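Working notes, structure below.
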Amino acid sequence: MQTGWLTRRDLRLAIHGGGETGPALVFQHGLCGDAGQVAEAMAGLDPQRWSCLECAGHGASQMDPAPSIARFADDVAALIEKLGGPVVLGGISMGAAIACRLAVIRRDLVRALVIVRPAWVTDAAPANMAPNAEVGDLLGRLSADAARVVFAKGAAAQRLQAEAPDNLASLMGFFDRKPHSDTARLLTAISADGPGISPADLRAMKLPVLICSTFGDVIHPAAHALALADLIPKARLVGLPPKGRDKPAHLAALGAAMTRFLKEI
């Protein structure tokens, strides 16, 4: 449910939310996702109140000509300030990277952290983001139909078909996402980016942190979740059923883990 707008850098960014009770929770979507992804993840937490800012170029939000994780994080910080923070902050994939960055650079706005299927630890352009970058590059050079054919025949798609078909399905969906030029820019820019924090920053984190991981996911490798759990002193690592094999079970386990965490902090 859209609840309002936030204006940043002359861009209108959409705010969505739901629920009525519980600690204030801001939760962010993944790359080329939108608030629908968050609403799906939040369904198991009803009636927990939550808010999501659709990052520039995502959902109903206007495109930023120079998208970056840092800019997206600054926009989420503005939302938290609007809500009167601090909040429990979380996110999936790119949303998790945004949340980690803010937990380091804006500690005043974050009282606890939820990291779901992280695609980054600290380094920019991690190898797991290469398939996203490849899709972005192809969309930037070819028509969507031609780019789809080239990608489907390539080594990355063949590997994902064998190891992580759910990842492949998500990537193939990007060829239908419009406008194609915005999708290309987002995929190439964000895949080459990073949260802009260091391992030392994570070791110094004093917040309660929930990290949710799964296996059979090449874009969001379990090794990243393990690395974050090793670095963050108060991190709790929870394994979820693979989303690609049993999505309802995955979402139910995520809801249960987050519900427990929110009650304990």
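All of the numbers you see were taken from the coordinates with simple rules; none came from a lab. Everything numeric in this text was worked out from a predicted model, so none of it was measured. Cβ atoms come from the backbone with ideal geometry, glycine included; neighbour counts cover every protein chain shown.
For segment 244-255, the set of residues classified as part of a loop (DSSP other than H, G, I, E, B) and exposed (fewer than 14 other Cβ atoms within 10 Å of the Cβ) consists of Arg245, Asp246, listed by residue number. Looking only at residues of segment 144-186 that are among the acidic types (Asp, Glu) and in contact (Cβ under 8 Å) with a residue 40 or more places away in the chain, we find that the one that is farthest from Lys243 (Cα to Cα) is Asp182. Every condition in (1) more than 28 Å from Leu237 (Cβ to Cβ); (2) touching an Asp or Glu at 6+ places or on another chain (Cβ under 9 Å); (3) of a type in the set (Gly, Ala, Ser) holds for Ala97 except the one numbered (1).
Given segment 88-196, what helices (runs of 4 or more DSSP H) lie entirely inside it while holding 1 or more residues that are surrounded by fewer than 17 Cβ atoms within 10 Å (Cβ to Cβ) and of a type in the set (A, V, I, L, M, F, W, C)? If you could, list the steps in order and put the result at the bottom.
Values: elements: 94-105, 130-141, 144-153, 155-163, 165-173, 180-191.
The qualifying helices (runs of 4 or more DSSP H) are 130-141, 144-153, 155-163, 165-173.
The numbered conditions (1) assigned to a loop (DSSP other than H, G, I, E, B); (2) crowded, with 22+ Cβ neighbours inside 10 Å are all true for Pro241 except (2).
Count of segment 34-55 residues, restricted to those that are within 13 Å of the chain's Cα centre (by Cα) and of a type in the set (S, T, N, Q), is 1. Of the strands (runs of 3 or more DSSP E) lying entirely inside segment 1-67, those containing at least 2 residues that are under 26 Å from Ala257 (Cβ atoms) and free of Cβ contacts under 8 Å to residues at least 40 places away in the same chain are 11-18, 50-53.
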